[in-house]
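First comes the structure, then the notes that go with it.
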Amino acid sequence: MDEPISPINGSRPVPPPPTGSPLPPPPAADLGSLAPPSPGTAVELIEPTAPRDDLIIEARGLTKHYGSLKALDNVDLDIPKGSIFGIIGPNGAGKSTAFLILATLLTPTAGWARVCGHSPMAEPAAVRRRMGYMPDVMGVYENLTVKEYLEFHAATYHIERSEWPSLVGGLLELVDLDVKRDTIVDDLSRGMKQRLSLARALVHDPELLILDEPASGLDPRARIELRELLLQLQGMGKSIVISSHILAELQQMCDAIGVIEAGQLLASGPPGRILAQLGVGRSVRVRFGDGTVEEFPVAGDDEQQALLRKLIVDDDRAVLEFTTVDKNLEDLFLQITQGIVQ
């Protein structure tokens, strides 16, 4: 039997579901916490290895086909507990498909996965108790206040009404929306809605957060505040999987990243190692005396020194400027979308 989960403060077990919920369940299109996985074709649910205690997510051969379209193609993925793991790739690469499968909302065509030690296909309820999912589009409840919105979702997780005040108050303080508790949800700014959506994903104190483009549409200040909040949540012991097109910030906060293109995982690991693995690392920009400028890829300090000696000795052009250029995830993203990285 599953162990009881705890709230944000970790001090109480969740009571068994009551005979009647004080509020109706949410629409599946918004939260999906009570929605069954979508129908699929024959799914391989065999998990040939025992769960690993050090991983929050494991996936082997994860595949999703829509007719002839391969939205996800034989993906293997290991994400350590307690980490912030970033998923990058162009639109249509398969990021959201992977998230929907891990969040129990989509049935894969083949392969298997474990989320918090449980199968999203065979044990969806166990996964949903331990995982908070934030989709890329927030469902708006037009006539609810911020406080009522979180109470509504607390009810769907069968949290007793007597505990709502402390739970909602703690969440609103965490996401810095306490002064907006009586504001209608639809009147919030985009950044505030994103923070409220994150608070909703935390209602049942999950050990894992799956966040699909949480920084989309946010201004620079709101993005910085979101990044600091995610780092704070990691410090509280949460594991976080996040996709984003704000790649500079992913590089700053992620312990590891996965690069997806055309449904395939090209690489996975620490950002520096991924850049080197996919040939997007350091380069040197050289300005010559004849006015030309060229850029040369280098693997490290030794290769950079060798390049400088070669240019001085063997090249007839005078070297006026020799500048190191460190590549980042944005450079990698440009290469992926231009089809340079295979």
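The values are calculated or read from the model by the stated rules, or taken from the named source; none is laboratory data. Since this is a predicted model, take the numbers as computed values, not measurements. Cβ sites come from the backbone with ideal geometry, for glycine too, and all protein chains shown count toward neighbours.
Odds and ends about this structure:
- Among the residues of the stretch 235-245, at least one is in a loop (DSSP other than H, G, I, E, B), within 15 Å of the chain's Cα centre (by Cα), at pLDDT below 90 and surrounded by fewer than 20 Cβ atoms within 10 Å (Cβ to Cβ).
- Residues that are within 26 Å of SER189 (Cβ to Cβ) and without any contact (Cβ under 8 Å) to a residue 12 or more places away in the chain within the stretch 156-168 comprise just one, PRO165.
- Scoring SER189 on the criteria (1) farther than 19 Å from PRO214 by Cα; (2) surrounded by fewer than 17 Cβ atoms within 10 Å (Cβ to Cβ) leaves a single failure, condition (1).
- Matching residues, the stretch 156-168, being hydrophobic (A, V, I, L, M, F, W, C), more than 26 Å from the chain's Cα centre (by Cα) and under 22 Å from THR183 (Cβ atoms): TRP164
- Applying the set (1) under 19 Å from GLU207 (Cα atoms); (2) at pLDDT 90 or above to ARG52 leaves exactly one unmet item: (2).
- Scanning the stretch 113-138 for residues that are buried (at least 16 other Cβ atoms within 10 Å of the Cβ) and part of a helix (DSSP H, G or I) gives PRO124, ALA126, VAL127, ARG128, ARG129, ARG130.
- Within the stretch 180-227, the residues that satisfy the criterion of being within 30 Å of GLU58 (Cβ to Cβ), at pLDDT below 90 and not in a helix (DSSP H, G or I) are GLU213, PRO214, ALA215, SER216.
- Failed condition for LYS180, given (1) under 24 Å from ARG227 (Cβ atoms); (2) surrounded by fewer than 17 Cβ atoms within 10 Å (Cβ to Cβ); (3) among the charged types (D, E, K, R): (2)
- Scanning the stretch 48-89 for residues that are polar (S, T, N, Q) and not assigned by TED's automatic domain parsing to the domain that holds ALA248 yields a single hit, THR49.
- The condition (being at pLDDT 85 or above and under 18 Å from the mean Cα position of the chain (by Cα)) is satisfied by just one residue among LEU31, LEU72: LEU72.
- Subset of the stretch 282-320 that is surrounded by 14 or more Cβ atoms within 10 Å (Cβ to Cβ) and of a type in the set (A, V, I, L, M, F, W, C) - its residue that is modelled with the lowest pLDDT: VAL298
- All conditions but one from (1) surrounded by fewer than 18 Cβ atoms within 10 Å (Cβ to Cβ); (2) in contact (Cβ under 8 Å) with a residue 24 or more places away in the chain; (3) not hydrophobic (A, V, I, L, M, F, W, C) apply to GLN194; the one that does not is (1).
- Residue match in the stretch 185-206 (condition: more than 25 Å from HIS245 (Cα to Cα) and of a type in the set (A, V, I, L, M)): yes
- Checking the stretch 139-155 against the condition returns no match, with no residue being surrounded by fewer than 22 Cβ atoms within 10 Å (Cβ to Cβ), free of Cβ contacts under 8 Å to residues at least 40 places away in the same chain, in a loop (DSSP other than H, G, I, E, B) and acidic (Asp, Glu).
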